Every structure is written in structure tokens, then in C-alpha cells.
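So the structure is just underneath, and the comments pick up after that.
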Amino acid sequence: MKVTCSTPHFLFVNSQKAEWTHSNRSHSRGSAPQLAAMRLLLAPLLLIALTDAFSLNASTKLIDGLFDHYNPRASPYVSRLQNAADSGLIVALNLSRAIIANVNERDETISVLINVNYKWRDPRLVWKPSEHDGITVISMRSDAIWVPDVNPCESTYVYNVLKEVIPSVLIHHDGSVSLDVYKMANYIC
């Protein structure tokens with residue numbers, strides 16, 4: 001049996017031998033035992049490739065479903081009545097690192113490099129892992145979702161240290177979101 005294809009990489013396997021045709025030339029490759037060994041070696045690779053493709057497809061479907069009608073400019077704060085019952089939107093802040101970067105005695109200012117970990121819950125970002133191939137956490141760019149605008153108090157100005165880099169957020173299936181941000185804050189002493 002012969003198979004014609006557009007590239008010389010196509011291999012058709014039957015019980016006797018493998019043949020491929022390219023540019024009107026017919027070639028035979030290998031014997032039946034060699035082809036059987038090749039099939040045994042290629043089967044696990046094909047299984048891995050299909051599993052990766054399925055996982056990618058599941059995460060793509062999950063992200064598409066979550067962000068179908070999602071507006072990152074809108075707060076997860078729903079309404080006064082619902083938030084009064086749910087005690088509102090809670091944003092937890094954890095100052096994990098503070099490093100004095102500069103002390104200016106003449107101006108009586110101090111610059112501090114801070115690493116802040118934000119945690120909050122966005123009910124619009126909830127999914128069931130059982131419906132999405134067991135995916136429990138996804139990582140997204142922080143500009144794709146609503147992020148609380150929180151700055152250190154009593155600072156004269158605050159700016160993000162890594163301006164060109166958009167930080168990533170971790171989104172858990174229960175809607176909890178975490179974000180690490182590095183900021184430089186200036187204070188008057």
C-alpha cells in the first residue's frame with residue numbers, strides 16, 4: 001500500500017512495510033519488527049502530546065469562560081445590601097519586606113522599598129475544578145483583573161519599582177486572588 005503526501009515526513013505503517021511517496025519517488029523503510037518497535041516508542045510520546053493538548057484546551061476554556069463578561073475596571077463590590085450581609089470586600093495586606101533605600105537628611109525624607117502581598121476575593125472568578133480538568137489555580141497578568149488601589153499612608157509619593165513588568169496574580173478556584181507588588185514609597189521624617 002502506498003500513500004502520497006506533500007511532505008517526506010509522513011509515514012504509513014502496514015503489516016509488511018512502510019512506504020512513503022514524495023516528488024513522484026517511492027521509498028521503502030524498515031521491516032515489520034523495526035516498525036513495531038517504532039510504534040512502541042512513539043505511542044507514549046503521542047499520549048503525552050495529547051494529554052498536554054487536552055490540559056491546554058481545558059485551561060483555555062476555563063479562562064475564556066471566566067473572562068467572557070468580566071470587566072477589570074469594575075470592582076467586585078456588588079451592592080450595599082449584599083456587601084452589608086457579606087461584610088463587604090476585604091483586602092488583606094501583608095508587608096513582607098521593607099528596605100530603606102535612601103535617607104535625605106537635608107530634605108528630611110526617607111525612601112523605602114516595600115514588598116506588599118495583596119489578598120482578596122473576587123466572586124466573579126469562581127469555578128468548579130471538577131468541570132475544568134481539576135484545575136484549581138491559574139496565573140494571569142494583573143492588568144486582566146480588578147486590582148485594589150491601595151497605597152501606604154502618609155507617603156509623599158509611591159511608584160511601582162518594576163514599571164515595565166506587569167506582575168502576575170494567582171487566582172484560586174474559590175475566587176481568592178493574591179498579588180505581590182514591589183513599590184518605592186517616600187516619607188517625610
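Under 26 Å from ASP64 (Cα atoms), touching a strand residue (DSSP E or B) at 6+ places or on another chain (Cβ under 7 Å) and in the same structural domain as ILE110 (by TED's automatic domain parsing), is that true of PRO148? Spell out the reasoning first.
Working: under 26 Å from ASP64 (Cα atoms): yes; touching a strand residue (DSSP E or B) at 6+ places or on another chain (Cβ under 7 Å): yes; in the same structural domain as ILE110 (by TED's automatic domain parsing): yes.
Yes, satisfied.
Please pick out the residue among GLU131, GLU105, GLU154 that is among the acidic types (Asp, Glu) and either under 20 Å from ALA58 (Cβ atoms) or in contact (Cβ under 8 Å) with a residue 60 or more places away in the chain (or both).
Values: GLU105 fails: either under 20 Å from ALA58 (Cβ atoms) or in contact (Cβ under 8 Å) with a residue 60 or more places away in the chain (or both); GLU154 fails: either under 20 Å from ALA58 (Cβ atoms) or in contact (Cβ under 8 Å) with a residue 60 or more places away in the chain (or both).
Going through GLU131, GLU105, GLU154 in turn, the sole match is GLU131.
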### Task
Return yes or no: is ILE135 out of contact with any strand residue (DSSP E or B) (no Cβ under 7 Å at 6 or more places or on another chain) and hydrophobic (A, V, I, L, M, F, W, C)?
yes
### Query
Could we say that ILE171 is at pLDDT 85 or above, part of a strand (DSSP E or B) and in contact with a Pro (Cβ under 8 Å, 6 or more places away or on another chain) here?
no
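Do any strands (runs of 3 or more DSSP E) entirely within region 62-167 hold 2 or more residues that are modelled with pLDDT of 85 or more, and if so, which? Steps first, please.
Values: elements: 92-104, 109-121, 137-141, 155-160.
It comes to 92-104, 109-121, 137-141.
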#### Entry: Tally, over region 98-135, of residues that are surrounded by 12 or more Cβ atoms within 10 Å (Cβ to Cβ) and within 29 Å of the chain's Cα centre (by Cα)
21
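When region 157-189 is examined, which residues are found to be of a type in the set (A, V, I, L, M, F, W, C) and closer than 22 Å to SER59 by Cβ?
Of the residues in region 157-189, the ones of a type in the set (A, V, I, L, M, F, W, C) are 158, 161-162, 165-166, 169-171, 177, 179, 181, 184-185, 188-189.
If the condition is that a residue be of a type in the set (A, V, I, L, M, F, W, C) and closer than 22 Å to SER59 by Cβ, then ILE166, VAL169, LEU170, ILE171, VAL177, LEU179 are the ones that fit.
The values are calculated or read from the model by the stated rules, or taken from the named source; none is laboratory data. The model shown is predicted, which means the values in this text are computed figures rather than measured ones. We place every Cβ from the backbone using ideal geometry, glycine too, and count neighbours over all the protein chains shown.
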